[in-house]
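What follows is one structure encoded as structure tokens, with my remarks underneath.
The values are calculated or read from the model by the stated rules, or taken from the named source; none is laboratory data. Since the model is a prediction, treat every value here as computed from it, not as a measurement. Methodologically, a virtual Cβ is constructed for each residue, glycine included, from the backbone with ideal geometry; neighbour enumeration extends over all protein chains shown.
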Amino acid sequence: MVRDDSISDSAVETILPYELRIGVSGHRKLNDAAAVAEAVVRVLDHVQQTLESAAQFPEGPAGSPRSFWQNCEQRLTRMTAWVWRSLPLSATHTPPEGRTPVRWTVISPLAKGADRLVARAVLNRPGARLEVITPFPVDEYRRDFTEPDDRADFEQLFALDPTPVALDPDLGPPNAPDGQVRRNEGYFEVGGRVVDASEILIVVWNGQPAEGRGGTADIVQYAVERGRVVLWINAENPAAPARQITGFELRETESEAVAEPVTRPLPTVARQLSPRFHRLAAYNRDAAHDAEEVRAILERNAAELHETAKRVGLPASLLQPVLEHLLPHYARADQLAIRYQQLYVRSAMLLYGLAAFAVTVVVGQVLFFPHALWLISFEIAAMLLAVMLLRLAKIEAWHEKWLNDRHLAERLRTAMFTVPMGRTATLTAASSPGVLPFYQGPEGWFIEPFRPLLEKIKQAIRIEPEHHEALKRFLIEGWIGNQAAWHARNAVRKRRSARRFHITSVVLFITTLIMATLHLVGVGHEYPGGSPISAAWHLVGLGITFLAITLPAWAAAVHAVGTLLDRERIATRSERMAEILDALIRRTEQATTLEQLQTEIARAEEVTAAENQEWLASLSFHELVLPV
């Protein structure tokens with residue numbers, strides 16, 4: 001193994017922090033601002049304690065609490081680890097180095113009242129940051145703040161965001177008759193943008209309908225419709241416990257139907273407060289993570305990248321940000337994907353092998369040892385082990401983790417080559433026109449954490465015109481050509497493996513046919529007499545019957561495993577992908593300018609993303625099932 005001394009030990013530490021994005025909406029005029037501020041702090045404390053508790057105790061009250069029967073089932077499945085020593089099982093306690101840190105971000109228009117109260121409360125958290133979205137260009141928005149103290153408070157907070165976003169609605173001419181209506185539309189638009197940019201929305205609201213377009217009630221309803229977690233502080237009674245708004249129901253009054261909020265107590269489980277945090281925390285503390293294997297993958301890929309860059313004449317300095325910030329994450333995802341693929345394949349073989357073994361035992365007992373009923377205990381044990389293995393695979397989500405980790409690894413690998421080109425869409429878009437419409441792909445829990453990382457790498461890399469040819473060769477040899485060669489090899493491997501499964505099935509079928517034919521013509525049916533020859537002949541007959549019954553069970557097991565692995569179809573897809581990538585190589589080689597190279601790389605990026613997404617979509621339906 002080639003060891004790259006530029007890879008530090010800390011580079012293997014790949015715990016991803018989670019950016020918790022808090023939006024705010026609420027009234028400008030508050031009867032008791034101090035009480036509201038205290039209520040906001042209580043809500044934020046509740047959120048923080050819930051997420052931190054879930055990160056520390058994954059199966060605790062704030063993590064994934066289990067029922068009595070689920071606990072019993074889990075204890076039974078964990079017994080498998082006594083035999084399968086290398087089995088990774090989720091831990092009940094996560095050490096500090098494996099916990100997912102939370103980075104707070106508050107999104108606010110910084111209007112007077114609730115907007116600033118929530119913003120300041122979040123900013124009091126260590127490392128918190130502010131994103132400002134204003135409903136109008138800033139100079140126009142400043143007209144909302146006529147009092148000097150109000151204006152100064154706005155300016156102080158506004159200065160904390162180096163890149164504020166200002167909407168620019170059509171306000172019409174100054175003093176237009178519909179000027180306030182237009183401004184209200186701007187307030188509604190900015191409220192919607194805050195909701196869209198947030199995961200949790202904290203609202204300080206009196207529960208009454210909005211007095212005009214863009215009021216808090218409108219924003220709350222918009223947030224509920226978008227599936228956001230809406231935490232409500234009653235502006236009229238801030239001392240009351242905050243609640244979560246889950247929807248609205250119509251209440252008939254004498255004059256009209258009024259929409260009233262449907263509420264429940266604040267969520268006390270992390271996956272209800274932040275499903276993405278829940279999934280990312282599981283990835284960060286994954287029990288299958290092996291630091292030594294990650295380092296081996298990291299060093300191997302770093303050596304390959306260095307060798308390719310040196311061969312094509314690309315400066316090593318252009319690769320350093322990728323090696324430092326992105327390659328360690330790829331190595332971790334790749335190692336986890338390999339581990340869970342192994343677990344999935346082995347469990348599939350073992351599961352269907354146990355089913356065939358159970359049939360073999362019962363047939364052998366009936367034919368050869370009719371009085372040894374205790375042999376049936378082996379059949380029962382095999383069936384129970386099969387059930388335990390199936391439940392273990394589902395509880396630990398081996399199949400899902402394999403697909404998601406492989407999907408992430410391939411997205412990261414693409415990003416390692418496209419980010420130096422100034423492209424960051426690899427991890428922020430996963431669209432493919434061929435993906436099944438009812439399959440939405442993996443959730444964004446592993447995409448969002450990489451956005452700031454990609455921007456950091458992008459800013460650290462400066463591509464000069466003289467790098468054009470070397471960069472083109474690096475992309476072709478290191479990425480597109482490498483992927484084409486891998487698909488060509490993979491097609492051969494999968495086709496060869498599929499052929500072995502096919503030959504095995506054919507041999508089992510022919511053998512079963514022969515045994516059934518011999519059984520039909522009565523070979524060995526005679527009752528054994530006193531001679532050893534007749535007894536042996538009868539034993540041959542029992543063996544024929546035994547094989548005629550048990551071989552189909554083993555053939556079914558082989559067929560089931562082959563169907564799950566789907567090697568024939570994957571081989572065909574890899575053959576086609578190799579052809580497509582070879583065509584992309586030819587097109588890329590003809591690029592004479594950086595703009596043309598950008599265009600071809602975008603095509604390659606789209607092709608690899610589509611193939612990766614469709615691979616994930618198709619295999620997502622190949623879950624292990626109990627053989628019946």
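Observations on the structure shown:
- Selection of the range 142-165 for residues being assigned to a helix (DSSP H, G or I) and either farther than 21 Å from residue 105 by Cβ or touching a His at 6+ places or on another chain (Cβ under 7 Å) (or both) yields 142, 143, 144, 148, 149, 150, 151, 152.
For every residue, the table says whether it meets (1) surrounded by 16 or more Cβ atoms within 10 Å (Cβ to Cβ); (2) touching a residue at least 12 places away in the same chain (Cβ under 8 Å); (3) under 20 Å from residue 369 (Cα atoms); (4) more than 27 Å from the chain's Cα centre (by Cα).
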{"position": "536", "(1), (2), (3), (4)": "no, no, yes, yes"}
{"position": "547", "(1), (2), (3), (4)": "yes, yes, yes, yes"}
{"position": "555", "(1), (2), (3), (4)": "yes, yes, no, yes"}
{"position": "562", "(1), (2), (3), (4)": "yes, yes, no, no"}
{"position": "571", "(1), (2), (3), (4)": "yes, yes, no, no"}
{"position": "585", "(1), (2), (3), (4)": "yes, yes, no, yes"}
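- Hey, residue 62 touching a His at 6+ places or on another chain (Cβ under 8 Å) and either of a type in the set (D, E, K, R) or more than 24 Å from residue 210 (Cα to Cα) (or both) or not: no
- When residue 52 is tested against (1) closer than 14 Å to residue 281 by Cβ; (2) free of Cβ contacts under 8 Å to residues at least 60 places away in the same chain; (3) assigned to a loop (DSSP other than H, G, I, E, B), only condition (3) is not met.
- Residues in the range 67-107 that are assigned to a helix (DSSP H, G or I), in the same structural domain as residue 126 (by TED's automatic domain parsing) and surrounded by 15 or more Cβ atoms within 10 Å (Cβ to Cβ): 98 only.
- Condition check for residue 509: in a helix (DSSP H, G or I) and either closer than 30 Å to residue 593 by Cα or not assigned by TED's automatic domain parsing to the domain that holds residue 598 (or both): no
- Condition check for residue 282: touching a residue at least 12 places away in the same chain (Cβ under 8 Å), surrounded by 15 or more Cβ atoms within 10 Å (Cβ to Cβ), closer than 25 Å to residue 470 by Cβ and of a type outside the set (D, E, K, R): no
- Residue match in the range 476-495 (condition: at pLDDT below 90, closer than 25 Å to residue 315 by Cβ and touching a helix residue (DSSP H, G or I) at 6+ places or on another chain (Cβ under 9 Å)): no
- Residue count for the range 587-607 satisfying the condition of being more than 18 Å from residue 415 (Cα to Cα) and without any contact (Cβ under 8 Å) to a residue 24 or more places away in the chain: 5.
- Of the residues making up the range 613-627, not a single one is assigned to a helix (DSSP H, G or I), in the same structural domain as residue 348 (by TED's automatic domain parsing), touching a helix residue (DSSP H, G or I) at 6+ places or on another chain (Cβ under 6 Å) and of a type in the set (S, T, N, Q).
- Within the range 467-496, the set of residues being under 28 Å from the mean Cα position of the chain (by Cα) and more than 25 Å from residue 571 (Cβ to Cβ) comprises just one member, 475.
For (1) within 21 Å of residue 102 (Cβ to Cβ); (2) of a type in the set (Asp, Glu); (3) at pLDDT 90 or above, each residue gets a yes or a no:
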residue: 122; (1), (2), (3): yes, no, yes
residue: 125; (1), (2), (3): yes, no, yes
residue: 128; (1), (2), (3): yes, no, yes
residue: 147; (1), (2), (3): no, yes, yes
residue: 150; (1), (2), (3): no, yes, yes
residue: 187; (1), (2), (3): no, no, no
residue: 200; (1), (2), (3): yes, no, yes
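- Residues satisfying the stated conditions in the range 215-247, i.e. touching a residue at least 60 places away in the same chain (Cβ under 8 Å) and of a type outside the set (Lys, Arg): 216, 219, 220, 223, 231, 233, 235, 236, 238, 239, 242
- Only listed residue being at pLDDT 90 or above and in a helix (DSSP H, G or I), chosen from 415, 381, 386: 381
- Residue 203 being in the same structural domain as residue 23 (by TED's automatic domain parsing), touching a helix residue (DSSP H, G or I) at 6+ places or on another chain (Cβ under 7 Å), under 19 Å from residue 22 (Cβ atoms) and hydrophobic (A, V, I, L, M, F, W, C): yes
- Wholly within the range 211-309, helices (runs of 4 or more DSSP H) carrying at least 1 residues that are at pLDDT below 95 and either over 30 Å from residue 38 (Cα atoms) or among the aromatic types (Phe, Trp, Tyr) (or both): 216-225, 275-284
- With respect to (1) more than 23 Å from residue 88 (Cα to Cα); (2) surrounded by 19 or more Cβ atoms within 10 Å (Cβ to Cβ), the lone exception for residue 298 is condition (1).
- Take the conditions (1) surrounded by fewer than 16 Cβ atoms within 10 Å (Cβ to Cβ); (2) closer than 30 Å to residue 137 by Cβ; residue 119 misses just one of them, which is (1).
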